[in-house]
Amino acid sequence: MEKKIRVLVAKPGLDGHDRGAKVVARALRDAGFEVIYTGLRQTPEQIAEAALQEDVNVVAMSILSGAHGHLFPKVVDLVRGNGMTDTLIIGGGVIPDGDIPALKEAGVAEVFTPGTPTSDVVNFIKENVKL
Amino acid sequence: MDIAKELLKGNRLALSKAITAIENEYPEATEIMKEIYPHTGHAYVLGITGPPGAGKSTLTDKITRAYRAQGKTVGIVAVDPTSPFTGGAILGDRIRMNELTLDAGVFIRSMGTRGSLGGLSHKTADAVKAMDAFGKDIVIVETVGVGQSEVDIVKAADTTMVVLIPGMGDDIQAIKAGILEIGDLYCINKSDLDGADKLVREINMMLDLDSFMTDWRPPITKVIASQNEGIEDLIGTVEKHRAYIEGNGELTRRRTKRTRDEMLDILNSGINNFVKGQIVDSGRLDEYVEKIRAHDTDPYTVVGGLMDEMLKK
């Protein structure tokens, strides 16, 4: 019996920059996780439904458009509303420090900003994921 | 949550959890399979295979939409390779199927191969059963991008479609063994590219030389999946093949063979687990190895004795 960590890497919102998401996806793959990558311009509804169908342990969102304050909490609500109460939800991208407390309040477990070593993301997941 | 009962009631999260239990070989997986098994056998299983970049995911997306337009529900199991070094994987087939995510009549699950070499994962067939029991009319299994010899899909699917694209090699490739002989249907994707007609000729030539040909000659359909061209024709050939194998008993033969293989697999893995528990984990293996190394006995005698002992239990 093997419990493999499954992570959905998602790009909510309308910005077309997925280099960061791809770098993180690759780092998570190299850490031995199964990474489901869904591509650009996902609605919160699509992200939550993909998380359900894939039964992921982690939803990792990347955003550079500035709409994190709206989109991240929406994803949290939808994922929880689907009955996925244990799923770890994290975010990253160009996010001002001042916005982070509100995102955490809304249920985003951690927010990773530019310059974060990918190993920090891997370690955070390993320490906080519920299998 | 009672996963099996909820799955049978149509709870999507339960289906998802069932596939996780199956894939990770949780102890409850066997009970789930026992409970859902009587509800399987209704879905038609379409296998889609072909080399990397042939457009399997895009085709799966378009074929699914066409089936949805006919009012049929669809389950999709999409397999991508697991790294042999880290055990990690990037499962990217959903990228081509995003429009389907919010369609309540479609359920997509990505799976890593997790060490299996035949183009599927060991648990793909059971994941298909879960979707079947859930009530999907059609289950599409998309293999990893295959090379020449990953042909497990024929064991898992009722109809196997091989997707090819122009420009992948000369006609000697077409007479080699392997994935080119397993198609019930051939689909030439990206057929607006140079060489599509040449590829059709080469496959036809290969089929002309097939000495095991039944009265089903695999049709070759040219499509451009990204532009949704030729998809209706393609689905037509799937339905024609389905009617053909349903009519002449071949479908029953294929499914009987699948049940037989499955039964042997389960039996073998049961025996393996028994051996592991009784002989490896108990430390007896190491004791025997020590004796054999010292030439007090030999492996043939030891194994003979163990077989007698196990069969008596």
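Looking at B:Lys257, B:Lys222, can you tell me which residue is in contact with a helix residue (DSSP H, G or I) (Cβ under 9 Å, 6 or more places away or on another chain), over 30 Å from B:Lys34 (Cβ atoms) and of a type in the set (Lys, Arg)?
B:Lys222
Which residues, taken from region B:1-17, are touching a residue at least 12 places away in the same chain (Cβ under 8 Å), closer than 16 Å to A:Asn82 by Cα and buried (at least 17 other Cβ atoms within 10 Å of the Cβ)?
Of everything in region B:1-17, those that are touching a residue at least 12 places away in the same chain (Cβ under 8 Å), closer than 16 Å to A:Asn82 by Cα and buried (at least 17 other Cβ atoms within 10 Å of the Cβ) turn out to be B:Ile3, B:Leu7, B:Arg12, B:Leu13, B:Ala14, B:Leu15, B:Ser16, B:Lys17.
How do the pairs read when you match residues in region A:108-131 that are exposed (fewer than 13 other Cβ atoms within 10 Å of the Cβ) and modelled with pLDDT of 95 or more with residues anywhere that are in a loop (DSSP other than H, G, I, E, B) and β-branched (Val, Ile, Thr), using Cβ under 9 Å and keeping only pairs 6 or more apart or on different chains?
A:Lys126/A:Ile5
Can you run down the residue pairs with Cβ atoms below 6 Å, 6 or more apart or on separate chains, where the first is in region B:79-90 and at the interface with another protein chain (Cβ under 9 Å from one of its Cβ atoms) and within 19 Å of B:Ala127 (Cβ to Cβ) and the partner is assigned to a loop (DSSP other than H, G, I, E, B) and β-branched (Val, Ile, Thr)?
B:Thr82/B:Thr113; B:Ala89/B:Thr82
For region B:260-300: of the residues being among the hydroxyl-bearing types (Ser, Thr, Tyr) and surrounded by 12 or more Cβ atoms within 10 Å (Cβ to Cβ), which is farthest from B:His122 (Cα to Cα)?
Selected residue: B:Thr297.
I'd like to verify a number: residues in region B:125-136 that are away from chain A (no Cβ under 14 Å) and part of a helix (DSSP H, G or I), how many?
6
Output the number of residues of region B:244-255 satisfying the condition of being assigned to a helix (DSSP H, G or I) and surrounded by fewer than 11 Cβ atoms within 10 Å (Cβ to Cβ).
The number of residues fulfilling the criteria is 1.
For region B:16-43, what are the residues that are more than 17 Å from the chain's Cα centre (by Cα), facing chain A (nearest Cβ under 8 Å) and under 26 Å from B:Ala104 (Cβ atoms)?
B:Ser16, B:Lys17 - these are the residues of region B:16-43 that are more than 17 Å from the chain's Cα centre (by Cα), facing chain A (nearest Cβ under 8 Å) and under 26 Å from B:Ala104 (Cβ atoms).
For (1) at pLDDT below 90; (2) touching a helix residue (DSSP H, G or I) at 6+ places or on another chain (Cβ under 9 Å); (3) part of a helix (DSSP H, G or I), each residue gets a yes or a no:
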| residue | (1), (2), (3) |
| --- | --- |
| B:Asp261 | no, yes, yes |
| B:Asn273 | yes, no, yes |
| B:Ser282 | yes, no, no |
| B:Tyr288 | no, yes, yes |
| B:Thr297 | no, yes, no |
| B:Tyr300 | no, no, yes |
| B:Met310 | yes, yes, yes |
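Any residue in region B:258-271 that's in contact (Cβ under 8 Å) with a residue 12 or more places away in the chain: show its pairings with residues that are in a helix (DSSP H, G or I) and surrounded by 12 or more Cβ atoms within 10 Å (Cβ to Cβ) at Cβ separation under 8 Å, as long as the two are six or more apart or on different chains.
B:Arg258/B:Ala125; B:Arg258/B:Lys155; B:Arg258/B:Ala156; B:Asp261/B:Lys155; B:Glu262/B:Ala125
Can you name the number of the only condition in (1) within 12 Å of chain A (Cβ to nearest Cβ); (2) in contact (Cβ under 8 Å) with a residue 60 or more places away in the chain; (3) under 11 Å from the mean Cα position of the chain (by Cα) that B:His122 fails?
For B:His122, the failing item is (2).
Going by the structure shown, is B:Gly195 free of Cβ contacts under 8 Å to residues at least 12 places away in the same chain and either under 30 Å from B:Ile32 (Cα atoms) or among the small types (Gly, Ala, Ser) (or both)?
In short, no.
Quick check: anything in region A:28-43 touching a residue at least 60 places away in the same chain (Cβ under 8 Å), surrounded by fewer than 17 Cβ atoms within 10 Å (Cβ to Cβ) and either within 10 Å of chain B (Cβ to nearest Cβ) or charged (D, E, K, R) (or both)?
no
In this structure, does A:Asp55 turn out to be at pLDDT 95 or above and at positive phi?
yes
Pick from region B:91-117 the residues that are under 12 Å from the mean Cα position of the chain (by Cα) and surrounded by fewer than 20 Cβ atoms within 10 Å (Cβ to Cβ): which of them is farthest from the other protein chains (Cβ to nearest Cβ)?
B:Leu117
Considering (1) within 23 Å of B:Thr237 (Cβ to Cβ); (2) at pLDDT below 95, say which one B:Val128 fails and leave the rest.
With (1) within 23 Å of B:Thr237 (Cβ to Cβ); (2) at pLDDT below 95 applied to B:Val128, the lone miss is (2).
Can you tell me which of A:Ala102, A:Ala21 is among the aliphatic types (A, V, I, L, M) and either surrounded by fewer than 17 Cβ atoms within 10 Å (Cβ to Cβ) or farther than 25 Å from B:Met97 by Cα (or both)?
Just one listed residue meets the conditions, A:Ala102.
The values are calculated or read from the model by the stated rules, or taken from the named source; none is laboratory data. This is a predicted model, so every value here is computed, not measured. We place every Cβ from the backbone using ideal geometry, glycine too, and count neighbours over all the protein chains shown.
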